[in-house]
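K.L.:
Handing you this structure, nothing more for now.
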Amino acid sequence: MRLFHSLPLISFAAHSCVAEPSSEPQYVFSNPPVSESGYRIPTSYESAVLGRRILALSPLGTVGTVFPSSSDGHFSSQENRPDGLGGMPHALMEYVADCEDEGNPTFLAINIETSFKNVRDGSNISLSQQWTPRYPPDKRIKSTLFDWIFGRDKSEDTVPYSAANLPRFSLLGYIEKIDSMPTEALASCFVSKHSDAKYWLPGNRIHFSEFVRLVVTQVYWVGGFGDRAYIGWIPVEEWKNVTRKEWEAVTLPGEKKGWKEWTVGDL
Ligand SMILES: *[C@@H]1O[C@H](CO)[C@@H](O)[C@H](O)[C@H]1NC(C)=O
Ligand SMILES: *[C@@H]1O[C@H](CO)[C@@H](O)[C@H](O)[C@H]1NC(C)=O
């Protein structure tokens, strides 16, 4: 069923002709209307289905951890660090896979990485991922009448889609080693997504590494603009309940050519 109807790309009435940058909060109020028949904001469960598809398809994410404070006692080789990092948030890109397909992301943790050092020193962890369209939309959202009439130089379009209207999420929880799957199966799953990771699989001669899962305890979701997408916490049972069949059946914006920038996905 197609829930998200095509929406007009331009709303003259709501747009000022003055060439204001479109980052002010009131920009949201000048979105094309979503009052067309049949439209409704997706539920948290439908959002979880989209999110599980993003997790399954996205190879990268940003991992957030917290540096241990010096009063926490034991540190795993936190030497060679500047003073005063205790309690500081730290975010860095990480390879991600979805080998278990149960909502808990898979990482290949390397012991010398700062993120996993923080985890060893007791930090919880978050993983942020956002959906990146494979194709630019047929037409961009135009923010001014000037843009609409004269178009824009494509080379200025450094983000050729409205990232603010695309789904993203943050998974919060803690790390634990994966014992429930053979290392060979995890390695083959992980390397199918990250072929260079074959050089630092567990047992390599350079760095200690192991497969771990982020045990998700909370899910924060921003599906896009709030007048057409769900924004808020997704109950973790809903996140974990999503089946492969369900996330395989949905389409994210820009997975296929010819998509409309104002929509949030096809469920
Ligand atoms: C990790 O998060 C849990 C809540 O899920 C909290 O009880 C615990 O104190 C946190 N650990 C650290 C080191 O902040
Ligand atoms: C999870 O799925 C089971 C079985 O389909 C269902 O009974 C239960 O209500 C679901 N829970 C949530 C939170 O969606």
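The values are calculated or read from the model by the stated rules, or taken from the named source; none is laboratory data. Note that the coordinates shown come from a computational prediction; the quantities given were computed from them, not determined experimentally. Here the Cβ is made from the backbone with ideal geometry for all residues, glycine too, and neighbour counts use every protein chain on show.
K.L.:
Would you check which residues across the range 209-232 are within 16 Å of ligand 2 (Cβ to nearest atom) and either under 12 Å from residue 51 (Cα atoms) or in contact with a Lys or Arg (Cβ under 6 Å, 6 or more places away or on another chain) (or both) and list them? I'd like the intermediate steps shown before the answer.
P.N.:
Taking the range 209-232 and keeping what is within 16 Å of ligand 2 (Cβ to nearest atom), we get 216-219, 221, 230, 232.
Selection gives 219, 221, 230.
K.L.:
Quick one: what pairs do we get from the range 157-180, first residue farther than 13 Å from residue 221 by Cα, second within 16 Å of ligand 2 (Cβ to nearest atom) and part of a strand (DSSP E or B), C-beta under 6 Å, 6+ apart or different chains?
P.N.:
Listed by first residue and then by second, the contacts come to 173/216; 173/217.
K.L.:
The conditions are (1) at pLDDT below 90; (2) in contact with a Pro (Cβ under 6 Å, 6 or more places away or on another chain); (3) farther than 30 Å from residue 223 by Cα, and residue 80 fails exactly one of them. Which is it?
P.N.:
Of the numbered conditions (1) at pLDDT below 90; (2) in contact with a Pro (Cβ under 6 Å, 6 or more places away or on another chain); (3) farther than 30 Å from residue 223 by Cα, the odd one out for residue 80 is (2).
K.L.:
Restricting the range 233-259 to residues that are more than 15 Å from ligand 2 (Cβ to nearest atom) and surrounded by fewer than 19 Cβ atoms within 10 Å (Cβ to Cβ), which is farthest from residue 53 (Cα to Cα)? Full working, then the answer.
P.N.:
Going residue by residue through the range 233-259, those that are more than 15 Å from ligand 2 (Cβ to nearest atom) are 248-259.
Still in the list and also surrounded by fewer than 19 Cβ atoms within 10 Å (Cβ to Cβ): 248-251, 255-258.
Numbers: 248: 7, 249: 9, 250: 8, 251: 8, 255: 11, 256: 15, 257: 18, 258: 20 Å.
Checking each candidate, the answer is 258.
K.L.:
Give me the pairs, please: first residue somewhere in the range 116-133 and farther than 16 Å from residue 213 by Cα, second residue anywhere and surrounded by fewer than 21 Cβ atoms within 10 Å (Cβ to Cβ) and of a type in the set (Phe, Trp, Tyr), beta-carbon distance under 7 Å, and either six or more positions apart or on two chains.
P.N.:
121/75; 133/161
K.L.:
Take the range 92-114 and flag every residue that is loosely packed, with under 15 Cβ neighbours inside 10 Å, of a type outside the set (Val, Ile, Thr) and either more than 14 Å from the chain's Cα centre (by Cα) or under 15 Å from residue 51 (Cα atoms) (or both).
P.N.:
111
Residues checked against (1) within 16 Å of ligand 1 (Cβ to nearest atom); (2) assigned to a loop (DSSP other than H, G, I, E, B); (3) under 30 Å from residue 159 (Cβ atoms):
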| residue | (1), (2), (3) |
| --- | --- |
| 190 | no, no, yes |
| 197 | no, no, yes |
| 203 | no, yes, no |
| 213 | yes, no, no |
| 225 | no, yes, yes |
| 239 | yes, no, yes |
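K.L.:
Does residue 159 satisfy being part of a loop (DSSP other than H, G, I, E, B), under 19 Å from residue 41 (Cβ atoms) and modelled with pLDDT under 90? Talk me through it step by step, then tell me what you get.
P.N.:
Working: part of a loop (DSSP other than H, G, I, E, B): yes; under 19 Å from residue 41 (Cβ atoms): no; modelled with pLDDT under 90: yes.
Taking the combined requirement at face value, the residue does not satisfy it.
K.L.:
If you go through the range 184-201 one residue at a time, how many are over 16 Å from residue 59 (Cβ atoms) and loosely packed, with under 15 Cβ neighbours inside 10 Å? Please lay out each step first, then the result.
P.N.:
Taking the range 184-201 first, the residues over 16 Å from residue 59 (Cβ atoms) are 184-185, 199, 201.
Cutting the leftovers down to loosely packed, with under 15 Cβ neighbours inside 10 Å gives us 184-185, 199.
Qualifying residue count for the region: 3.
K.L.:
Follow-up question, since we're still on this one. Considering each residue of the range 16-66, count those that are within 16 Å of ligand 1 (Cβ to nearest atom) and at pLDDT below 95, and give that number.
P.N.:
Here is the first cut: in the range 16-66, the residues within 16 Å of ligand 1 (Cβ to nearest atom) are 63-66.
Still in the running and at pLDDT below 95: none.
Qualifying residue count, the range 16-66: 0.
K.L.:
Are any residues in the range 89-107 out of contact with any Lys or Arg (no Cβ under 9 Å at 6 or more places or on another chain), more than 16 Å from ligand 1 (Cβ to nearest atom) and either over 18 Å from residue 216 (Cβ atoms) or hydroxyl-bearing (Ser, Thr, Tyr) (or both), and if so, which ones?
P.N.:
Within the range 89-107, 92, 93 qualify.
K.L.:
Another question about this same structure. Residue 179 fails exactly one of the following numbered conditions: (1) at positive phi; (2) part of a loop (DSSP other than H, G, I, E, B); (3) at pLDDT 95 or above. What is the number of that condition?
P.N.:
Going through (1) at positive phi; (2) part of a loop (DSSP other than H, G, I, E, B); (3) at pLDDT 95 or above one by one, residue 179 breaks only (1).
K.L.:
Please name all residue pairs, on different chains or six or more residues apart, with Cβ atoms under 9 Å, provided the first residue is in the range 234-247 and is farther than 15 Å from residue 57 by Cβ and the second residue is β-branched (Val, Ile, Thr) and within 9 Å of ligand 2 (Cβ to nearest atom).
P.N.:
Pairs that qualify, where the first residue is farther than 15 Å from residue 57 by Cβ and the partner is β-branched (Val, Ile, Thr) and within 9 Å of ligand 2 (Cβ to nearest atom): there are none.
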